[in-house]
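K.L.:
Sharing a structure with you now.
The values are calculated or read from the model by the stated rules, or taken from the named source; none is laboratory data. Quick caveat, the model's predicted, so the values are computed rather than measured. Positions of Cβ are generated from backbone atoms using ideal geometry, with glycine treated the same way; all protein chains shown enter the neighbour counts.
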Amino acid sequence: MMQAVELKKKNAVRKVRKIAEASFKKYGYIIHWNGHKQKGSGNQFRIITRERDCPGWRIAYLIVRDKEIDCLEHHPGSMESFEPLQGKSILYVCNQKKPRDIEAFMLDKPVVLKKGIWHGVVSVTDEAHVKITENNRVKLVRYKLGYTLYGKRHK
């Protein structure tokens, strides 16, 4: 059972959405394999994504303790995966710097963000652990929102 979570922005309240293919496709995609064999023998392997001109990848382990953020970041030249490992967190995303376009998703599935997607993460539990994969050489750009976004748990 999923708890209701709200995103508060100034005086406005938005619901945090569950990640689904249709609602998330403008930002990236879910790491999964539709159509895999349910039965049979032997392992199955499928490449989910690749970049032809990539200088190599790096894998990081992020422990999210922040409960609020006042800026977003993006990486113009790199896709980036967010793979939840432990705890619960909210992933904020938008295509542009316009705060009214920010959407919030419960990070309950592994996802890949497209290049240049603005994003930020907060934990709704004491801490959340997230595996991140990105290009080895990443340019980081930050955007100060001018207000605070945070997640609030409701029982």
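K.L.:
If you take the residues of the range 77-120 that are among the β-branched types (Val, Ile, Thr) and under 26 Å from PRO55 (Cα atoms), which of them is farthest from the chain's Cα centre (by Cα)?
P.N.:
ILE117
K.L.:
Next question. Are any of the residues in the range 39-59 among the β-branched types (Val, Ile, Thr), surrounded by 10 or more Cβ atoms within 10 Å (Cβ to Cβ), closer than 27 Å to LEU145 by Cα and at pLDDT 90 or above?
P.N.:
Quick first cut of the range 39-59, residues among the β-branched types (Val, Ile, Thr) only: 47-49, 59.
So of that shortlist, the ones also surrounded by 10 or more Cβ atoms within 10 Å (Cβ to Cβ) come out as 48-49, 59.
Pick out the ones that are also closer than 27 Å to LEU145 by Cα and you get none.
The answer is no, given that none of the residues of the range 39-59 is among the β-branched types (Val, Ile, Thr), surrounded by 10 or more Cβ atoms within 10 Å (Cβ to Cβ), closer than 27 Å to LEU145 by Cα and at pLDDT 90 or above.
K.L.:
Going by the structure shown, is CYS71 of a type outside the set (Asp, Glu), surrounded by 12 or more Cβ atoms within 10 Å (Cβ to Cβ) and touching a Gly at 6+ places or on another chain (Cβ under 8 Å)?
P.N.:
Yes: the conditions hold for CYS71.
K.L.:
Turning to a different aspect of this structure: Residues in the range 107-155 that are among the polar types (S, T, N, Q) and either without any contact (Cβ under 8 Å) to a residue 24 or more places away in the chain or part of a loop (DSSP other than H, G, I, E, B) (or both): how many?
P.N.:
2
K.L.:
Please go through the range 123-155 and pick out each residue that is more than 14 Å from the chain's Cα centre (by Cα), among the hydroxyl-bearing types (Ser, Thr, Tyr) and at pLDDT 90 or above.
P.N.:
THR125, TYR143
K.L.:
Which members of the range 118-141 meet the condition of being touching a Lys or Arg at 6+ places or on another chain (Cβ under 9 Å) and of a type in the set (Val, Ile, Thr)?
P.N.:
Those that are touching a Lys or Arg at 6+ places or on another chain (Cβ under 9 Å) and of a type in the set (Val, Ile, Thr): VAL122, VAL124, THR125, ILE132, THR133, VAL138.
K.L.:
When ARG142 is evaluated against the numbered criteria (1) in contact with a Leu (Cβ under 9 Å, 6 or more places away or on another chain); (2) surrounded by 15 or more Cβ atoms within 10 Å (Cβ to Cβ), which criterion, by number, is the only one it fails?
P.N.:
(2)
K.L.:
Say whether the condition of being under 20 Å from GLU21 (Cβ atoms), surrounded by 13 or more Cβ atoms within 10 Å (Cβ to Cβ), in contact with a helix residue (DSSP H, G or I) (Cβ under 8 Å, 6 or more places away or on another chain) and of a type outside the set (A, V, I, L, M, F, W, C) is met by at least one residue in the range 80-87.
P.N.:
Checked the range 80-87: no residue is under 20 Å from GLU21 (Cβ atoms), surrounded by 13 or more Cβ atoms within 10 Å (Cβ to Cβ), in contact with a helix residue (DSSP H, G or I) (Cβ under 8 Å, 6 or more places away or on another chain) and of a type outside the set (A, V, I, L, M, F, W, C).
K.L.:
Please find, among TYR147, TYR92, the residue that is in contact with a Gly (Cβ under 9 Å, 6 or more places away or on another chain) and of a type in the set (Phe, Trp, Tyr).
P.N.:
TYR92
K.L.:
Then there's this: Filter the range 39-78 down to residues that are part of a loop (DSSP other than H, G, I, E, B) and more than 28 Å from ASP126 (Cβ to Cβ), then give me how many there are.
P.N.:
Counting residues in the range 39-78 that are part of a loop (DSSP other than H, G, I, E, B) and more than 28 Å from ASP126 (Cβ to Cβ) gives 21.
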